[in-house]
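Everything below concerns the one structure shown next.
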Amino acid sequence: IAFWTILRHAKPRRTNPYGKSRFNALSYSAQNTNNIQKLLQQRLRLAVEDLQQGRLDAAEKSLGELLIQAPGDADILSLLGMAATRKGNPETAIPLMKRAITADPENTVHRFNLGTAYLSLFRYDDAVAVLNEFLTIDPRHAAAAFNLGKALQALGRNEEAALAFLGAMKNRPGYTKAISARAGCLLETGDIDSAAVLLRDSIAAHPEDLDLRFTLGRLMLLRREWNSAVEAFDAALSIRHWHVSSAAFKGIALREAGMDADAAAADGLDRH
C-alpha cells in the first residue's frame, strides 16, 4: 500500500523518465520488504528455539502463523513437520515434508526429515527408500545411516542393517547407539564373536553407556554365560536403575544360573 500511495503522488522531473520520486518509492518498498523479511526471520529463529527446547505447542503455533505469511516456504513446512513428528503425529508431518521437498528439492534435509517420519510411523519400506535416496546425495550423514539401519533391522534385513550402522559409526566416531545396534544385528546373524569384540572395545571407551552394557548382557545370554550376563545387566542397572529390560533379562540369567531367589527380586524390579 505504501509503495502505490507514493507512486501515485510522485512528480518526476522531466530530465528523468522514471522520476526521483519513483526511485524513492522503490527504495522505500525494498526497505519495507527487508524489514518484513527480518521480522519473519526473527520469529522463525524463536520458533526454532522453541522446537529445540521441547516447547512443541508454542513452536507449532508460531510456525503455523508464519506459514500463513509465507505460504510454501520450505523451511517452515519442514519445521512444522518436525514439530508434528516430535508431538507423536508423524501422519500429519508427512504431507508437510513432501510439500517442503517440492518447494525446495535441492535441500536434502527435507528428505531426511521425511524418512524419519516414515520410520516413526513404522512405514519401514518407505523409510528405506527415502533414506537410501538421501544417502546417495549425502553419504556422510551419520543419523540418516543410523535411521536406515533401524528401518532395515525392523524388516529383518539384519545384514544390510549392520552395514548401515557401520556407515553411521564411520561417519561419527563414538556413535554408541550405532555401535550397539550393529552388535545387535551381528547377534541376529550369528556372528557372536565379532559382536563380542565390538562391544568390549566400545565399552572400554564408553563404560557408562547403557545400550552397550545391555547388548553385552544379551550376548552373554546367547553364550549361556549366566554369571557374565548378570554382571552386564547389573552394570546397565547401575547406570539406570529402573531399566526394565535389563531387570527382566537379569532375572532370566539368574534363573538359568539356579539363583531363583535373586531372580524373584529382579522380577520385582521389572514390575516396577
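Values computed for the structure shown
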{"item": "The range 204-220 - phi-based ³J(HN,Hα) in whole Hz, Karplus 6.51/-1.76/1.60, Gly and Pro as x", "result": "4, 7, 9, x, 9, 8, 5, 4, 5, 5, 5, 5, 4, x, 4, 4, 5"}
{"item": "LEU121-ASP260 FRET efficiency (beta carbon distance; Förster radius 45 Å; 0.05 resolution)", "result": "0.60"}
{"item": "Order by protection proxy (mean Cβ within 10 Å, highest first), peptides 69-77, 114-122", "result": "114-122, 69-77"}
{"item": "Computed FRET value (nearest 0.05) for GLU188 with VAL244, which takes r as the C-beta separation and R₀ as 30 Å", "result": "0.90"}
{"item": "Hz values of 3J(HN,Hα) by residue in the range 229-244 - Karplus curve (6.51, -1.76, 1.60), Gly and Pro given as x", "result": "5, 4, 4, 5, 5, 4, 5, 5, 6, 6, 7, 9, 5, 9, 6, 4"}
{"item": "Projected area averaged over orientations for the range 91-136, convex hull of C-alpha atoms, nm²", "result": "2.7 nm²"}
{"item": "Computed magnitude of the charge dipole of the range 118-272 (debye, nearest 20; Cβ of K, R +1, Cβ of D, E -1)", "result": "240 debye"}
{"item": "Test item: Cα-centred dipole of the range 26-171, Lys/Arg +1 and Asp/Glu -1 on Cβ, debye", "result": "240 debye"}
{"item": "Nitroxide proxy distance, nm - points 7 Å out along Cα→Cβ at ASN132 and ALA154", "result": "1.7 nm"}
{"item": "FRET efficiency estimate (nearest 0.05) - Cβ-Cβ, ASN107 to LYS61, R0 35 angstrom", "result": "0.90"}
{"item": "Computed magnitude of the charge dipole of the range 128-203 (debye, nearest 20; Cβ of K, R +1, Cβ of D, E -1)", "result": "280 debye"}
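Values quoted throughout were computed directly from the atomic coordinates according to the rules given, and no laboratory measurement underlies them. If you're wondering where the values come from, they're calculated on a predicted model, not measured in any experiment. Cβ coordinates were reconstructed from backbone atoms using ideal geometry, including for glycine residues, and neighbour counts include every protein chain displayed.
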